[in-house]
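Any read-out appearing in this document is the output of simple, stated calculations on the displayed coordinates, not a laboratory observation. In this text the structure is predicted, and so the values were computed from the model without any measurement. Backbone-built Cβ (ideal geometry, glycine too); neighbour counts: all protein chains shown.
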Amino acid sequence: MSSRKEAICEIETKVSVPFFDTDPMGVTWHGNYIKYFEIARCKLLDKIDFGYIKMVEAGHSWPVVDLRVKYVKPSIFGQDILIWAGIIEYENRLKIEYRITDQHGGEVITKGFTIQVAVDNQTGEMCFDSPTILKTKLGLE
């Protein structure tokens with residue numbers, strides 16, 4: 001699943017699995033891992049000062065056009081998990097990889113990635129190159 005490219009920028013954040021994210025057996029419902037990806041993605045984009053509001057202000061929206069999730073092991077109510085997110089591609093699309101692990105034992109629970117593309121807010125057209133502002137925010141321009 002992973003290209004194992006080195007991340008251009010990365011973060012790690014902790015979540016304690018809340019009761020309302022679990023099924024009647026206390027196991028995290030599979031759809032909530034996407035929410036955990038989103039939590040980490042927002043923190044990652046905030047780290048480079050290019051969160052969703054800044055994206056829109058810069059004239060682009062960045063919809064997710066591809067999402068992959070690999071469920072390795074379940075997490076349960078009350079479990080402390082670490083969500084790692086890293087930007088691994090930025091030139092023509094924004095590809096972010098994720099890895100969710102148990103905070104205490106380090107076992108991999110879930111991994112995956114999202115791909116987002118820039119869409120010009122005025123024309124509604126997809127951009128085939130990422131806007132310069134993303135490269136600037138990443139410290140690459």
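Over segment 50-141, what is the mean sequence separation of C-alpha contacts under 8 Å (at least six apart), divided by residue count, expressed as relative contact order in percent? If you can, show how the numbers build up before the last one.
Working: 168 pairs, mean separation 28.8, N = 92.
Relative contact order here is 31 percent.
Using the Karplus equation 6.51 cos²θ - 1.76 cosθ + 1.60 (θ = phi - 60°), what ³J(HN,Hα) coupling, rounded to whole Hz, does each residue of segment 44-58 give in order, writing x for Gly and Pro?
5, 5, 5, 4, 9, 6, 9, x, 4, 5, 5, 4, 5, 4, 7
Taking H placed 1.01 Å from N in the peptide plane, check which residues at least 5 places from ASN92 or on another chain put their amide H under 5 Å from its amide H.
Those lying under 5 Å, H to H, from ASN92 are SER130.
Dipole size in debye (nearest 20) for segment 39-93 around its Cα centre, Lys and Arg Cβ +1, Asp and Glu Cβ -1?
240 debye
Using the Karplus curve 6.51 cos²θ - 1.76 cosθ + 1.60 with θ = phi - 60°, what ³J(HN,Hα) values do you get for each residue of segment 29-40, in whole Hz, with x for Gly and Pro?
In residue order, the calculated couplings are 5, 4, x, 6, 5, 5, 5, 5, 4, 5, 4, 5 Hz.
Can you count the Lys pairs in segment 15-98 with C-alpha separation below 18 Å, eight or more apart or on different chains? Provide the component values of the computation, followed by the final result.
On the way: LYS35/LYS43; LYS35/LYS70; LYS35/LYS73; LYS35/LYS95; LYS43/LYS54; LYS43/LYS95; LYS47/LYS95; LYS70/LYS95.
Close lysine pairs under the 18 Å cut-off: 8.
Could you please state, rounded to a whole Å, how far the C-alpha centre of segment 41-56 is from the C-alpha centre of segment 74-141?
After rounding, the separation between the Cα centres reads 11 Å.
How big is the dipole moment of the chain about its Cα centre under a simple scheme where the beta carbon of each Lys and Arg is +1, that of each Asp and Glu is -1, and everything else is neutral? Debye, nearest 20, please. Write out the running numbers ahead of the final one.
Details: 17 positive and 20 negative charges, 57 e Å.
Charge dipole, the chain, about its Cα centre: 280 debye, nearest 20.
What are the ³J(HN,Hα) values, in whole Hz, obtained from phi via the Karplus relation 6.51 cos²θ - 1.76 cosθ + 1.60 with θ = phi - 60°, for each residue of segment 94-108 in sequence order, with x given for Gly and Pro?
10, 10, 10, 9, 9, 9, 10, 10, 6, 4, 8, x, x, 5, 6
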